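The values are calculated or read from the model by the stated rules, or taken from the named source; none is laboratory data. Values in this document were obtained by computation on a predicted structure and should not be read as measured data. Here the Cβ positions follow ideal geometry from the backbone for every residue, glycine too, while neighbour counts run over all protein chains shown. Each accessible area value is taken on the protein alone, full model and side chains, heavy atoms only, with ligands, DNA and RNA left out. Shrake-Rupley method; radii C 1.70, N 1.55, O 1.52, S 1.80 Å.
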Amino acid sequence: QVQLVESGGGLVQPGGSLRLSCAASGFTFSVSTMNWYRQAPGKERELVATTGAGGSTYYADSVKGRFTISRDNAKNTMYLQMNSLKPEDTAVYYCHTPGYRRDYWGQGTQVTVSS
């Protein structure tokens, strides 16, 4: 079955960096679109970044120039390098991939940006 497992979250000071990982299994990762979403307290879940099977990428305006999404198809793993973190980046970050009949989500990893 499809499994998405995030890791790498934590507490970081403003201006700091974190790298999130999403380990995927149970589907053909190399041909799949993969996304990072986030949800802050009291807010709706929002799309942060996307990596397509062909290497295309998309970023939300709020993270453009600070975050970099990447994937290692040999390891079935997606990454999100987050630099110049701001308090407003505080959220639970989720790995996501669209399936044939349903979407698949990881359990989420908490990122807290605070001094």
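Kindly indicate whether SER21 is under 18 Å from VAL111 (Cβ atoms) and part of a loop (DSSP other than H, G, I, E, B). Reasoning before the result, please.
Details: under 18 Å from VAL111 (Cβ atoms): yes; part of a loop (DSSP other than H, G, I, E, B): no.
Here the answer is no, as SER21 does not meet what is asked.
In the set ALA74, ALA49, which member is at negative phi and not in a loop (DSSP other than H, G, I, E, B)? If you could, list the steps in order and put the result at the bottom.
Numbers: ALA74 fails: not in a loop (DSSP other than H, G, I, E, B).
Answer to the selection: ALA49.
Counting only residues that are surrounded by fewer than 16 Cβ atoms within 10 Å (Cβ to Cβ), under 15 Å from the mean Cα position of the chain (by Cα) and either at pLDDT below 95 or in a strand (DSSP E or B) (or both), how many does segment 33-46 have? If you could, list the steps in order and put the result at the bottom.
Initial filter on segment 33-46 (surrounded by fewer than 16 Cβ atoms within 10 Å (Cβ to Cβ)): 33, 39-46.
Then drop every residue that is not under 15 Å from the mean Cα position of the chain (by Cα), which leaves 33, 39-40, 45-46.
Then drop every residue that is not either at pLDDT below 95 or in a strand (DSSP E or B) (or both), which leaves 39, 46.
Within segment 33-46, residues that are surrounded by fewer than 16 Cβ atoms within 10 Å (Cβ to Cβ), under 15 Å from the mean Cα position of the chain (by Cα) and either at pLDDT below 95 or in a strand (DSSP E or B) (or both) number 2.
For segment 9-28, how many residues are under 14 Å from ASN73 (Cα atoms) and either charged (D, E, K, R) or touching a strand residue (DSSP E or B) at 6+ places or on another chain (Cβ under 8 Å) (or both)?
The qualifying residues number 7.
Can you tell me which of SER84, SER30 is assigned to a loop (DSSP other than H, G, I, E, B), over 16 Å from GLU6 (Cα atoms) and touching a residue at least 24 places away in the same chain (Cβ under 8 Å)? Let's see the steps before the verdict.
On the way: SER30 fails: assigned to a loop (DSSP other than H, G, I, E, B).
Exactly one of SER84, SER30 is assigned to a loop (DSSP other than H, G, I, E, B), over 16 Å from GLU6 (Cα atoms) and touching a residue at least 24 places away in the same chain (Cβ under 8 Å), namely SER84.
Quick check on this structure: which one of ASP103, ASP72, ASP89, ASP61 is among the charged types (D, E, K, R) and surrounded by 14 or more Cβ atoms within 10 Å (Cβ to Cβ)? Before the answer, list the steps.
On the way: ASP103 fails: surrounded by 14 or more Cβ atoms within 10 Å (Cβ to Cβ); ASP72 fails: surrounded by 14 or more Cβ atoms within 10 Å (Cβ to Cβ); ASP61 fails: surrounded by 14 or more Cβ atoms within 10 Å (Cβ to Cβ).
The match here is ASP89.
Could you please let me know if GLU6 is out of contact with any helix residue (DSSP H, G or I) (no Cβ under 8 Å at 6 or more places or on another chain), open to solvent by 30 Å² or more (accessible area, probe 1.4 Å) and acidic (Asp, Glu)? Walk me through how you get there before you give the answer.
Values: out of contact with any helix residue (DSSP H, G or I) (no Cβ under 8 Å at 6 or more places or on another chain): yes; open to solvent by 30 Å² or more (accessible area, probe 1.4 Å): no; acidic (Asp, Glu): yes.
Here the answer is no, as GLU6 does not meet what is asked.
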